[in-house]
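S.K.: Here it is: the structure, laid out below.
Nothing in this text is a laboratory measurement; each read-out follows from the coordinates by a stated rule. All of these numbers come straight from a predicted model, not from anything done at the bench. As a convention, Cβ positions derive from the backbone with ideal geometry for all residues, glycine included, and neighbour counts pool all protein chains shown.
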Amino acid sequence: MRNIIVFSGSPRKEGNSDLLADAFVSGATGAGADVEKIRLYQKDISPCIECGGCDETGICILDDDMREIYAKLEMADVVVLASPIFFYNITSGSQALVERSQAFWVRQYVLKQGSIGGKKRDGIFLSVGATKGKLLFDGSLRVMRYFFDAIGGKLQAALLVRGVEKKGQIKQLPDMLEKAERLGMVAADSGDYSEVDGIWLPG
Ligand SMILES: Cc1cc2nc3c(=O)[nH]c(=O)nc-3n(C[C@H](O)[C@H](O)[C@H](O)COP(=O)(O)O)c2cc1C
């Protein structure tokens with residue numbers, strides 16, 4: 001059974017990205033995965049304070065909710081981040097999670113401890129923005145590539161939805177919720193995300 005963590009990185013509960021996260025959870029759970037959803041804005045996660053505390057151990061010295069999240073990340077086969085675009089980036093709550101993955105980066109690339117938790121994991125990004133600009137998701141996709149790499153994974157797929165602004169507006173795009181659900185099913189099962197039409201895949 002695949003172990004999946006879904007991080008919801010919007011301050012808005014039941015906002016557009018949170019609903020995409022829920023659809024993903026529903027698909028993955030229905031397909032038999034062991035899924036946990038974590039709302040980042042309900043957690044106490046400090047940004048990285050660049051203290052160097054993890055430099056020699058790969059273990060972050062900050063005592064906050066990342067402690068339990070590090071343990072869960074080590075067990076995960078699939079990690080999902082659902083975040084809206086704020087100023088052409090992921091939200092600050094999501095970025096705190098990303099920055100704190102530095103401890104895992106140290107384990108892999110400085111201490112050469114190998115893959116985190118002894119396995120490779122899939123990374124999936126679900127995102128929404130109000131505008132329709134061509135470059136809307138470019139910066140965040142780059143961040144996701146390096147985030148998933150730091151936690152011993154690879155950005156394997158992204159669902160990117162333009163033109164949704166009001167809370168819950170994504171319900172008017174049932175095809176997008178369906179794609180998120182399908183992604184969840186595939187994540188729980190084959191991991192062949194190319195089975196889902198109209199998503200972003202690495203080139
Ligand atoms: C602080 C802030 C910054 C935003 N910046 C952008 C932006 O740069 N580009 C964009 O298309 N939408 C931007 N938006 C709009 C949100 O991405 C949009 O409303 C989205 O649907 C919110 O998703 P949520 O319901 O999951 O929070 C911004 C919204 C806020 C509150």
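S.K.: Considering the chain as a Gaussian network with a 10 Å cut-off on Cα pairs, which listed residue, D175, D149, D18, attains the greatest mean-square fluctuation?
M.R.: Highest fluctuation among the options: D175.
S.K.: Hey, another quick one. Using the Cα atoms of the chain to build a convex hull, what is its mean projected area in square nanometres?
M.R.: Taking a quarter of the hull surface, the average projection is 10.5 nm².
S.K.: Another question, if that's okay. Provide the per-residue ³J(HN,Hα) series for region 128-141, in order, calculated from phi with Karplus coefficients 6.51, -1.76, 1.60 and θ = phi - 60°, each as a whole number of Hz, with x at glycine and proline positions.
M.R.: Going residue by residue, I get 9, x, 7, 9, 10, x, 4, 8, 3, 9, 4, x, 5, 4 Hz, with x marking Gly and Pro.
S.K.: Tell me, what ³J(HN,Hα) does each residue in region 173-181 have, in order and in whole Hz, if you take phi through Karplus 6.51 cos²θ - 1.76 cosθ + 1.60 with θ = phi - 60° and put x for Gly and Pro?
M.R.: Result, rounded to whole Hz: 10, x, 5, 6, 5, 5, 5, 4, 5.
S.K.: What is the Cα convex hull volume of region 48-93 when expressed per residue in Å³?
M.R.: 113 Å³
S.K.: With the cut-off at 1.5 for a/c, could you classify region 1-48 from its C-alpha gyration tensor as rounded, prolate or oblate?
M.R.: oblate
S.K.: Counting other beta carbons within 10 Å of each Cβ, put Y193, Y88 in order, fewest first.
M.R.: Y88, Y193
S.K.: Non-local amide H neighbours of Q113 (under 5 Å, H modeled in plane, Pro and chain starts lacking H): which ones?
M.R.: Those qualifying (amide H under 5 Å, at least 5 residues apart or on another chain) are Q108.
S.K.: Per DSSP H run of at least 4 residues, take -39500 (n - 2.57); add these up for the chain, divide by its residues and hand me the 222 nm value, nearest 500 deg cm²/dmol.
M.R.: -10500 deg cm²/dmol
S.K.: Next up: Taking amide H atoms as placed 1.01 Å from N in the peptide plane, list the residues 5 or more away in sequence, or in a different chain, whose amide H sits under 5 Å from that of R39.
M.R.: S8
S.K.: Still on this model: Please order F24, F87, F125 by the number of other Cβ within 10 Å, starting at the fewest.
M.R.: Lowest count first: F87, F125, F24.
S.K.: Something else about it: In the Gaussian network model of the chain, springs joining C-alpha atoms below 10 Å, which of G117, G52, G15 carries the largest mean-square fluctuation?
M.R.: Result for the chain, Cα springs under 10 Å: G52 fluctuates most.
S.K.: Given a 10 angstrom Cα cut-off, can you work out which residue in S26, S190, S115 is the most mobile in a GNM of the chain?
M.R.: Looking only at S26, S190, S115, the biggest GNM fluctuation is shown by S190.
S.K.: Which pairs, out of K112/K134; K134/K167; K134/K166, put more than 31 Å between their alpha-carbon atoms?
M.R.: K112/K134, as the Cα separations exceed 31 Å there.
S.K.: From zero up to wherever the largest Cα-Cα distance of region 1-112 sits, split into 10 Å bins and tell me the percent of pairs in each.
M.R.: Taking every Cα pair in region 1-112, the percentages come to 14, 41, 33, 11, 0.
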